1. For the stretch 84-96, which positions are farther than 16 Å from G234 by Cβ and without any contact (Cβ under 8 Å) to a residue 60 or more places away in the chain?
2. Spot the failing condition for P19; the list is (1) touching a residue at least 12 places away in the same chain (Cβ under 8 Å); (2) out of contact with any Ser or Thr (no Cβ under 8 Å at 6 or more places or on another chain), and only one is missed.
3. Taking the criterion of being at pLDDT 95 or above, closer than 24 Å to G127 by Cβ, small (G, A, S) and surrounded by fewer than 16 Cβ atoms within 10 Å (Cβ to Cβ), would at least one residue in the stretch 206-226 satisfy it?
4. Under 9 Å by Cβ, and 6 or more places apart or on different chains, what pairs join a residue from the stretch 69-83 that is over 16 Å from I51 (Cα atoms) with one that is of a type in the set (D, E)?
5. What pairs come out if I take residues in the stretch 112-141 that are within 23 Å of L44 (Cα to Cα) and in a helix (DSSP H, G or I) and pair them with residues that are of a type in the set (S, T, Y) and modelled with pLDDT of 95 or more whose C-beta lies under 7 Å away, six or more apart or interchain?
6. Any residue in the stretch 36-43 that is touching a Phe, Trp or Tyr at 6+ places or on another chain (Cβ under 7 Å), more than 23 Å from S151 (Cβ to Cβ) and part of a helix (DSSP H, G or I)?
7. Evaluate the stretch 165-184: report whether one residue or more is closer than 27 Å to A71 by Cα, part of a helix (DSSP H, G or I) and modelled with pLDDT of 95 or more.
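The values are calculated or read from the model by the stated rules, or taken from the named source; none is laboratory data. Owing to the predicted nature of the structure, the values given are computational and were not obtained by experimental measurement. We place every Cβ from the backbone using ideal geometry, glycine too, and count neighbours over all the protein chains shown.
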Amino acid sequence: MKDQGASFLLAVQFLTRLPVPARDIYSPRRMAASVGYYPIVGMLVGGASAIVFAAADTFFPQPLAVVIAIAAGLLLTGAFHEDGLADTFDGVGGGSTRDKALDIMRDSRLGTYGTLALIIALAVKAGALISLSPTNVIAALIAGHGLSRLSSVLVIATSRYVRDEGAGKPVADGVSAFSLAVALGTGALILAVWCVLHIPMVLAWAVAGLVIGHVLMRLFFERKLGGYTGDTLGAVQQASEIGFYLGLAACA
(Lines give C-alpha, C1' and ligand atoms only; values in the text may rest on other atoms or scores of the structure.)
Protein backbone atom coordinates (compact mmCIF):
# COMPACT_ATOMS: atom_id res chain seq x y z
CA MET A 1 0.00 0.00 0.00
CA LYS A 2 2.89 2.35 0.80
CA ASP A 3 4.35 1.74 -2.66
CA GLN A 4 1.02 2.54 -4.32
CA GLY A 5 0.65 5.76 -2.34
CA ALA A 6 4.16 6.73 -3.36
CA SER A 7 3.40 5.93 -7.00
CA PHE A 8 0.30 8.12 -6.87
CA LEU A 9 2.31 11.04 -5.48
CA LEU A 10 4.91 10.55 -8.21
CA ALA A 11 2.15 10.65 -10.82
CA VAL A 12 0.88 13.93 -9.36
CA GLN A 13 4.41 15.34 -9.29
CA PHE A 14 5.12 14.25 -12.87
CA LEU A 15 1.89 15.44 -14.48
CA THR A 16 1.26 18.66 -12.54
CA ARG A 17 3.02 21.60 -10.93
CA LEU A 18 1.55 20.84 -7.52
CA PRO A 19 4.14 20.95 -4.71
CA VAL A 20 4.16 17.24 -3.89
CA PRO A 21 6.72 16.02 -1.30
CA ALA A 22 7.80 13.08 -3.45
CA ARG A 23 11.57 13.56 -3.65
CA ASP A 24 12.43 10.93 -1.05
CA ILE A 25 10.03 8.29 -2.37
CA TYR A 26 11.30 8.05 -5.95
CA SER A 27 12.41 4.73 -7.38
CA PRO A 28 12.30 3.47 -10.99
CA ARG A 29 9.79 0.79 -9.96
CA ARG A 30 7.45 3.25 -8.27
CA MET A 31 7.76 5.68 -11.17
CA ALA A 32 6.82 2.95 -13.63
CA ALA A 33 3.83 2.01 -11.46
CA SER A 34 2.70 5.65 -11.34
CA VAL A 35 1.30 5.27 -14.87
CA GLY A 36 -1.74 3.52 -13.44
CA TYR A 37 -2.70 6.70 -11.61
CA TYR A 38 -2.55 9.01 -14.62
CA PRO A 39 -6.35 8.97 -15.13
CA ILE A 40 -6.92 9.82 -11.46
CA VAL A 41 -4.52 12.75 -11.73
CA GLY A 42 -6.37 13.76 -14.89
CA MET A 43 -9.62 13.79 -12.95
CA LEU A 44 -8.01 16.02 -10.33
CA VAL A 45 -6.83 18.45 -13.01
CA GLY A 46 -10.25 18.37 -14.65
CA GLY A 47 -11.97 18.81 -11.30
CA ALA A 48 -9.86 21.86 -10.48
CA SER A 49 -10.60 23.31 -13.91
CA ALA A 50 -14.30 22.62 -13.38
CA ILE A 51 -14.27 24.44 -10.04
CA VAL A 52 -12.59 27.43 -11.67
CA PHE A 53 -15.18 27.36 -14.45
CA ALA A 54 -18.10 27.20 -12.01
CA ALA A 55 -16.70 30.17 -10.07
CA ALA A 56 -15.93 32.21 -13.19
CA ASP A 57 -19.33 31.42 -14.71
CA THR A 58 -21.05 33.23 -11.85
CA PHE A 59 -19.32 36.48 -12.77
CA PHE A 60 -18.54 36.32 -16.47
CA PRO A 61 -20.22 35.16 -19.70
CA GLN A 62 -19.73 31.45 -20.35
CA PRO A 63 -17.20 31.87 -23.21
CA LEU A 64 -14.89 33.82 -20.92
CA ALA A 65 -15.43 31.36 -18.06
CA VAL A 66 -14.40 28.50 -20.37
CA VAL A 67 -11.21 30.31 -21.38
CA ILE A 68 -10.38 30.96 -17.72
CA ALA A 69 -10.95 27.28 -16.89
CA ILE A 70 -8.67 26.18 -19.73
CA ALA A 71 -6.03 28.64 -18.53
CA ALA A 72 -6.30 27.21 -15.01
CA GLY A 73 -5.64 23.72 -16.38
CA LEU A 74 -2.60 25.00 -18.25
CA LEU A 75 -1.22 26.61 -15.10
CA LEU A 76 -1.88 23.47 -13.04
CA THR A 77 -0.02 21.20 -15.46
CA GLY A 78 2.56 23.67 -16.71
CA ALA A 79 1.17 23.07 -20.21
CA PHE A 80 2.93 19.70 -19.99
CA HIS A 81 0.75 17.89 -22.53
CA GLU A 82 0.36 20.91 -24.79
CA ASP A 83 4.15 21.10 -25.01
CA GLY A 84 4.19 17.48 -26.13
CA LEU A 85 1.57 18.23 -28.78
CA ALA A 86 3.61 21.12 -30.16
CA ASP A 87 6.86 19.14 -30.18
CA THR A 88 5.16 16.21 -31.90
CA PHE A 89 3.83 18.38 -34.71
CA ASP A 90 7.15 20.17 -35.11
CA GLY A 91 9.06 16.88 -35.27
CA VAL A 92 6.74 14.77 -37.38
CA GLY A 93 5.77 17.67 -39.60
CA GLY A 94 9.28 19.03 -40.08
CA GLY A 95 11.44 15.92 -39.95
CA SER A 96 11.95 14.11 -43.24
CA THR A 97 13.25 11.00 -41.44
CA ARG A 98 12.67 9.32 -38.09
CA ASP A 99 15.99 10.52 -36.67
CA LYS A 100 15.46 14.10 -37.83
CA ALA A 101 11.96 14.09 -36.38
CA LEU A 102 13.29 12.91 -33.00
CA ASP A 103 16.01 15.57 -33.05
CA ILE A 104 13.49 18.32 -33.76
CA MET A 105 11.22 17.05 -31.00
CA ARG A 106 14.11 17.32 -28.54
CA ASP A 107 14.70 20.96 -29.50
CA SER A 108 13.14 23.33 -26.97
CA ARG A 109 12.35 25.95 -29.61
CA LEU A 110 8.78 26.16 -30.93
CA GLY A 111 8.30 25.91 -34.69
CA THR A 112 5.54 26.79 -37.10
CA TYR A 113 3.84 23.39 -37.02
CA GLY A 114 3.82 23.32 -33.24
CA THR A 115 2.54 26.88 -32.94
CA LEU A 116 -0.33 26.23 -35.31
CA ALA A 117 -1.17 22.95 -33.57
CA LEU A 118 -1.36 24.72 -30.20
CA ILE A 119 -3.52 27.55 -31.51
CA ILE A 120 -5.94 25.19 -33.22
CA ALA A 121 -6.08 22.81 -30.26
CA LEU A 122 -6.88 25.53 -27.74
CA ALA A 123 -9.40 27.16 -30.07
CA VAL A 124 -11.23 23.88 -30.72
CA LYS A 125 -11.28 23.03 -27.00
CA ALA A 126 -12.77 26.40 -26.15
CA GLY A 127 -15.26 26.32 -29.00
CA ALA A 128 -16.48 22.84 -28.13
CA LEU A 129 -16.88 23.60 -24.41
CA ILE A 130 -18.63 26.92 -25.08
CA SER A 131 -21.30 25.02 -27.04
CA LEU A 132 -22.23 22.97 -23.95
CA SER A 133 -24.48 23.81 -21.03
CA PRO A 134 -22.65 24.88 -17.84
CA THR A 135 -23.45 21.55 -16.17
CA ASN A 136 -22.05 19.62 -19.11
CA VAL A 137 -18.92 21.77 -19.19
CA ILE A 138 -18.18 20.72 -15.62
CA ALA A 139 -18.80 17.06 -16.40
CA ALA A 140 -16.81 17.28 -19.63
CA LEU A 141 -13.75 18.75 -17.94
CA ILE A 142 -13.59 16.06 -15.28
CA ALA A 143 -14.32 13.13 -17.59
CA GLY A 144 -12.33 14.47 -20.54
CA HIS A 145 -9.17 15.03 -18.53
CA GLY A 146 -9.42 11.64 -16.85
CA LEU A 147 -10.23 9.55 -19.92
CA SER A 148 -7.65 11.30 -22.10
CA ARG A 149 -4.92 10.33 -19.61
CA LEU A 150 -6.15 6.74 -19.90
CA SER A 151 -5.76 7.13 -23.65
CA SER A 152 -2.06 7.91 -23.10
CA VAL A 153 -1.67 4.88 -20.83
CA LEU A 154 -3.07 2.67 -23.59
CA VAL A 155 -0.32 3.92 -25.92
CA ILE A 156 2.31 2.85 -23.39
CA ALA A 157 0.61 -0.54 -23.08
CA THR A 158 0.35 -1.20 -26.82
CA SER A 159 3.34 0.53 -28.42
CA ARG A 160 7.09 0.83 -27.81
CA TYR A 161 9.30 3.61 -26.56
CA VAL A 162 11.71 4.74 -29.28
CA ARG A 163 14.30 6.78 -27.37
CA ASP A 164 17.25 5.61 -25.31
CA GLU A 165 16.36 8.19 -22.67
CA GLY A 166 13.71 10.82 -22.03
CA ALA A 167 10.50 11.52 -20.13
CA GLY A 168 8.97 8.20 -21.11
CA LYS A 169 11.99 6.07 -20.22
CA PRO A 170 10.66 4.87 -16.82
CA VAL A 171 7.80 3.11 -18.63
CA ALA A 172 9.79 1.99 -21.66
CA ASP A 173 9.10 -1.64 -20.74
CA GLY A 174 5.34 -1.09 -20.84
CA VAL A 175 2.66 -1.09 -18.17
CA SER A 176 2.31 -3.75 -15.49
CA ALA A 177 -0.94 -5.69 -15.32
CA PHE A 178 -1.80 -4.06 -12.00
CA SER A 179 -1.14 -0.51 -13.22
CA LEU A 180 -3.18 -1.12 -16.36
CA ALA A 181 -6.01 -2.51 -14.24
CA VAL A 182 -5.95 0.60 -12.03
CA ALA A 183 -6.04 2.89 -15.07
CA LEU A 184 -8.81 0.92 -16.76
CA GLY A 185 -10.76 0.73 -13.52
CA THR A 186 -10.59 4.51 -13.16
CA GLY A 187 -11.83 4.91 -16.71
CA ALA A 188 -14.69 2.49 -16.06
CA LEU A 189 -15.62 4.44 -12.93
CA ILE A 190 -15.75 7.70 -14.90
CA LEU A 191 -18.03 6.11 -17.48
CA ALA A 192 -20.28 4.56 -14.83
CA VAL A 193 -20.72 7.83 -12.94
CA TRP A 194 -21.47 9.67 -16.17
CA CYS A 195 -24.15 7.13 -17.10
CA VAL A 196 -25.81 7.63 -13.70
CA LEU A 197 -25.73 11.44 -13.80
CA HIS A 198 -26.01 12.18 -17.52
CA ILE A 199 -27.41 10.77 -20.76
CA PRO A 200 -25.51 7.60 -21.82
CA MET A 201 -26.03 8.24 -25.54
CA VAL A 202 -24.23 11.56 -25.25
CA LEU A 203 -21.35 9.74 -23.58
CA ALA A 204 -21.24 7.30 -26.49
CA TRP A 205 -20.64 10.19 -28.89
CA ALA A 206 -17.97 11.64 -26.61
CA VAL A 207 -16.11 8.33 -26.27
CA ALA A 208 -16.31 7.84 -30.04
CA GLY A 209 -14.70 11.24 -30.48
CA LEU A 210 -11.99 10.34 -27.98
CA VAL A 211 -11.24 7.08 -29.76
CA ILE A 212 -11.04 8.83 -33.12
CA GLY A 213 -8.66 11.42 -31.68
CA HIS A 214 -6.51 8.65 -30.18
CA VAL A 215 -6.32 6.67 -33.42
CA LEU A 216 -5.70 9.64 -35.71
CA MET A 217 -2.88 10.99 -33.56
CA ARG A 218 -1.20 7.60 -33.37
CA LEU A 219 -1.44 7.21 -37.13
CA PHE A 220 0.17 10.64 -37.44
CA PHE A 221 3.31 9.87 -35.46
CA GLU A 222 3.73 6.09 -35.33
CA ARG A 223 4.18 5.69 -39.09
CA LYS A 224 7.26 7.91 -38.95
CA LEU A 225 8.61 7.17 -35.48
CA GLY A 226 7.75 3.49 -35.20
CA GLY A 227 6.58 3.98 -31.62
CA TYR A 228 6.07 6.68 -29.02
CA THR A 229 8.01 9.25 -27.01
CA GLY A 230 7.08 11.31 -23.98
CA ASP A 231 6.04 14.12 -26.32
CA THR A 232 3.70 11.92 -28.33
CA LEU A 233 1.98 10.76 -25.15
CA GLY A 234 1.08 14.40 -24.57
CA ALA A 235 -0.10 14.68 -28.14
CA VAL A 236 -2.37 11.65 -27.74
CA GLN A 237 -3.78 13.06 -24.52
CA GLN A 238 -4.58 16.35 -26.23
CA ALA A 239 -6.13 14.74 -29.32
CA SER A 240 -8.22 12.43 -27.15
CA GLU A 241 -9.42 15.25 -24.89
CA ILE A 242 -10.37 17.37 -27.90
CA GLY A 243 -12.14 14.43 -29.51
CA PHE A 244 -14.13 13.89 -26.31
CA TYR A 245 -15.29 17.51 -26.26
CA LEU A 246 -16.14 17.44 -29.97
CA GLY A 247 -18.27 14.34 -29.45
CA LEU A 248 -20.20 16.17 -26.72
CA ALA A 249 -20.52 19.26 -28.89
CA ALA A 250 -21.99 17.16 -31.70
CA CYS A 251 -24.89 16.32 -29.38
CA ALA A 252 -25.35 19.80 -27.99
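1. G94, S96, listed by residue number.
2. Single failed check for P19: (1).
3. Taking every residue of the stretch 206-226 in turn, at least one turns out to be at pLDDT 95 or above, closer than 24 Å to G127 by Cβ, small (G, A, S) and surrounded by fewer than 16 Cβ atoms within 10 Å (Cβ to Cβ).
4. Close Cβ pairs satisfying both conditions: H81/E241; D83/D231.
5. Sorted first by the residue in the stretch 112-141, then by its partner, the pairs are K125/Y245; A128/Y245; L129/Y245; A140/Y245; L141/S49.
6. For the stretch 36-43, residues touching a Phe, Trp or Tyr at 6+ places or on another chain (Cβ under 7 Å), more than 23 Å from S151 (Cβ to Cβ) and part of a helix (DSSP H, G or I): absent.
7. There is at least one residue in the stretch 165-184 that is closer than 27 Å to A71 by Cα, part of a helix (DSSP H, G or I) and modelled with pLDDT of 95 or more.
Every residue, every condition in (1) modelled with pLDDT of 95 or more; (2) closer than 24 Å to L150 by Cβ; (3) part of a helix (DSSP H, G or I); (4) out of contact with any Leu (no Cβ under 9 Å at 6 or more places or on another chain), yes or no:
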position	(1), (2), (3), (4)
S7	no, yes, yes, yes
R30	no, yes, yes, no
A72	yes, yes, yes, yes
H81	yes, yes, yes, no
L85	yes, yes, yes, no
A101	no, no, yes, no
